[in-house]
Amino acid sequence: MQTTEYLTTVIQELQGMIPQIAETDAEQLVHSISDTSKVFVAGAGRSGLMGKALVMRMMHMGIDAYIIGETVTANLEKDDLLIIGSGSGETETLVAIANKARRLGGKVAVITTKPDSTLGQLADLTIQLPGVAKDQTADAQQTIQPMGSLFEQTLLLFFDAVILRYMELNHLDSAKMYGKHANLE
């Protein structure tokens, strides 16, 4: 296959993911973001990078949002929201973070391929995204892509859709958001 043929296949795979995402769960996440004072986001590896993209857009919208592990991350308080992206739902560091957030009185939302995972069980809201986790099973989503790429790409696009829905509900537009865009670059 040529590079553009791979791209076409990747896009087809991503399009096939959309009907597998529960709209009610997605709406609940959007409303959870609206109903909290601060939002914290965590993920490991590429899932963590997708989380950083989400936090950046939340900052552009004026949401008090943080990436876990950054030096400027605030403290989580009662009823704050922690969003975790984890394909496997079993990453030990993320499980520890979710447990601590719950002990502190925070709400936990987990986006994963495995809703029955440890993280899925800890969450107040679990959103299942299709994709392939590390421990591929026979019933796993089929993909030409390596490792967790399908989940990670779906996660990024899902986060962008959550942002668009939040913008719609809060009457925000890109022009207004540019007022918070970095200007020292």
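The values are calculated or read from the model by the stated rules, or taken from the named source; none is laboratory data. Only a predicted model underlies this, so the values are computations on that prediction, with no experimental measurement involved. Quick reminder, even Gly has a Cβ in these numbers, built from the backbone with ideal geometry, and neighbours come from all protein chains shown.
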Check whether at least one residue in segment 142-163 is in contact (Cβ under 8 Å) with a residue 12 or more places away in the chain and more than 30 Å from Q12 (Cα to Cα), and report yes or no.
-> no
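Name the single residue that is nearest to G131 (Cα to Cα) among those in segment 2-42 being of a type in the set (G, A, S) and under 16 Å from the mean Cα position of the chain (by Cα). Walk me through it before giving the result.
Taking segment 2-42 first, the residues of a type in the set (G, A, S) are 16, 22, 26, 32, 34, 37, 42.
Right, trim to under 16 Å from the mean Cα position of the chain (by Cα) and you get 22, 26, 32, 34, 42.
On the way: A22: 14, A26: 17, S32: 24, S34: 27, A42: 18 Å.
Step by step, filter segment 2-42, then rank; the result is A22.
State which residue is nearest to G89 (Cα to Cα) when the search covers only segment 122-156 and only residues that are part of a loop (DSSP other than H, G, I, E, B) and modelled with pLDDT of 95 or more. Working first, answer last.
Residues of segment 122-156 part of a loop (DSSP other than H, G, I, E, B): 123-124, 129-148.
Cutting the leftovers down to modelled with pLDDT of 95 or more gives us 123-124.
Details: A123: 10, D124: 14 Å.
Checked segment 122-156; the qualifying residue nearest to G89 (Cα to Cα) is A123.
Yes or no: L119 crowded, with 17+ Cβ neighbours inside 10 Å and either at pLDDT below 95 or closer than 30 Å to E5 by Cβ (or both)?
no
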Scanning segment 1-53 for residues that are closer than 28 Å to E77 by Cα and among the hydroxyl-bearing types (S, T, Y) gives T24, S32, S34, T36, S37, S47
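Among the residues of segment 74-110, write down those that are crowded, with 16+ Cβ neighbours inside 10 Å and among the hydroxyl-bearing types (S, T, Y).
To start, the set of residues in segment 74-110 that are crowded, with 16+ Cβ neighbours inside 10 Å comprises 76, 80-91, 94-95, 97-98, 101, 106-110.
Listed by number, the residues that qualify are S86, S88, T91.
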